[in-house]
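Structure, as structure tokens:
Readers should treat all values here as calculations from the given coordinates under stated rules, not as data from a laboratory. Computed from a predicted structure; not experimentally measured. Note: ideal-geometry Cβ built from the backbone for every residue, glycine included; neighbour counts use all protein chains shown.
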Amino acid sequence: MSRGDGRGAGKAGGTPLRELLRVGGGGAGRVGLGAYDSSALPAGPSDKAAGQAAAAALAEPLAGLQERLYAAATGGDRRRLLLVLQGMDTSGKGGTVKHVAGPLNPAGCRVTSFKAPTAEEREHPFLWRVERALPRPGEIGIFDRSHYEDVLIARVRALVPPEVVERRYEEINAFERALVEDGVTVVKVFLHIGFEEQRERLLRRLDRPDKHWKFDPGDIEERRLWPAYQEAYERVLERCSTAEAPWYVVPADRKWYRNWAVGRLLLEHLEELDPRYPAAAFDVEACRARLIAG
């Protein structure tokens, strides 16, 4: 199969993409983002044209597996999938959602974009709003940002004491472990963008009036905190890449590669689930005969 094929391009020497991009598992150990090249092409398509074609080729198998997952739930299958997207500003969380969710049936896909907590949400434990947005049996849920904001920006901006952040790592691990035990496949993706690439993307937003709405002057201040955010992400990858719910680092400097890689990761996990259509709870042949007769 060619390297640009959407179904088979995720493997390098027979290794699934999820294994190539996975961070540790069961305790990741020390993680340094400097060792990850944000412009790398670990496997799969090697140029933009091939990447776009490979991403497009994922649409049909993704839609088919989603339908099977949704249908299986009507027969009592409680399994569902949660895709968590995290990354620095301009890393492409929204763009990834658009490309990955595009082929999916909206009836079986729940997309949640987490902003700053509302007054009501601040009155509850930090996982409360996340629990309310979880996918139901048969659904695919996609989080644009997530509960990890509570150990990322909360750490960098010192919104809570350090000991609270430390406690939250374990709370998140226990929460995700319970999700997995309840039939949720958790796919956590860090969209890894480089410092200079982020600058270029912000400048392009300023160059285009139709993109000004996406620009926040506060993003410039946030860039000054880049080292602190990188360290916060490193701690997340170290502390919360578990055997049950590992993190995947996707190079995100190339948008076309980012879109293909996340789509491919989603496909690999759905293929492993291998949901099946439920057997008919009625006499098929009897119904056929009645319709023919009538």
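Counting alpha carbon pairs within less than 8 Å and at least 6 residues apart, what relative contact order, in whole percent, applies to segment 106-172?
Numbers: 52 pairs, mean separation 23.8, N = 67.
Value for segment 106-172: 35 percent.
Could you pull the Cα extents of the chain along its three principal axes, largest to smallest, in whole Å?
So the extents along the principal axes, rounded to whole Å, are 75, 47, 42.
What percent does the relative contact order of segment 135-241 come to when contacts are Cα pairs within less than 8 Å and at least six residues apart?
Values: 43 pairs, mean separation 39.7, N = 107.
37 percent.
At 222 nm, what value in deg cm²/dmol follows for the chain if DSSP H runs of at least 4 each add -39500 (n - 2.57) and the sum is divided by all its residues, to the nearest 500? Intermediate values should be presented prior to the final figure.
On the way: 13 runs with 140 residues, N = 294.
Result for the chain, helices only: -14500 deg cm²/dmol.
Tell me the relative contact order for segment 81-201 as a rounded percent, counting alpha carbon contacts under 8 Å between residues six or more apart. Present the calculation step by step, with values, prior to reporting the outcome.
Working: 134 pairs, mean separation 55.2, N = 121.
46 percent.
How large is the convex hull of the C-alpha atoms of segment 119-225 per residue, in Å³?
Values: hull volume 16.1 nm³, N = 107.
With only Cα atoms used, segment 119-225 gives 150 Å³ per residue.
Give me the number: length gained by fully extending E244 to R167, i.e. 0.36 nm times residue separation minus the C-alpha to C-alpha distance, one decimal in nm. Don't skip to the answer; put the middle values down first.
Values: separation 77, 0.36 × 77 = 27.72 nm, distance 1.91 nm.
Computed gain between E244 and R167 is 25.8 nm.
Please report, largest first and rounded to whole Å, the three semi-axes of the ellipsoid equivalent to segment 165-230, where each semi-axis is the square root of five times an eigenvalue of the C-alpha gyration tensor.
Values: eigenvalues 235, 51, 24 Å².
Equivalent-ellipsoid dimensions as semi-axes: 34, 16, 11 Å.
Could you tell me what a quarter of the Cα convex hull surface of segment 148-294 works out to, in nm² with one decimal place?
Details: hull surface 60.4 nm².
Averaged projected hull area, Cα only: 15.1 nm².
Which one, K214, K93, K255, has the greatest fluctuation when you compute a Gaussian network model over the chain with C-alpha springs under 10 angstrom?
Maximum fluctuation in the GNM of the chain, among the listed residues, is at K214.
Nearest 5 is fine: what % of DSSP beta bridges in the chain come out antiparallel, could you say? Present the calculation step by step, with values, prior to reporting the outcome.
Values: 3 of 26 bridges.
Just about 10 percent of them are antiparallel.
In bins 10 Å wide, starting from 0, what share of all Cα pairs of segment 197-247 does each bin hold, as a percent?
P(r) over segment 197-247, rounded to whole percents: 22, 33, 25, 18, 1.
Could you give me the percent of Cα pairs per 10 Å distance bin for segment 51-103, shortest bin first, beginning at zero and ending with the bin that holds the maximum distance?
Going from the shortest bin to the longest, the percentages are 20, 41, 30, 9, 0.
Taking the alpha-carbon centroid of each part, what is the distance from segment 230-291 to segment 63-129 in angstrom?
If we compute the Cα centre of each part, the gap is 11 Å.
Charges at C-beta only: +1 for Lys and Arg, -1 for Asp and Glu. How large is the resulting dipole of the chain about its Cα centre, in Debye rounded to 20? Kindly include the intermediate steps, with their values, before the conclusion.
Working: 44 positive and 43 negative charges, 124 e Å.
The calculation lands at about 600 debye.
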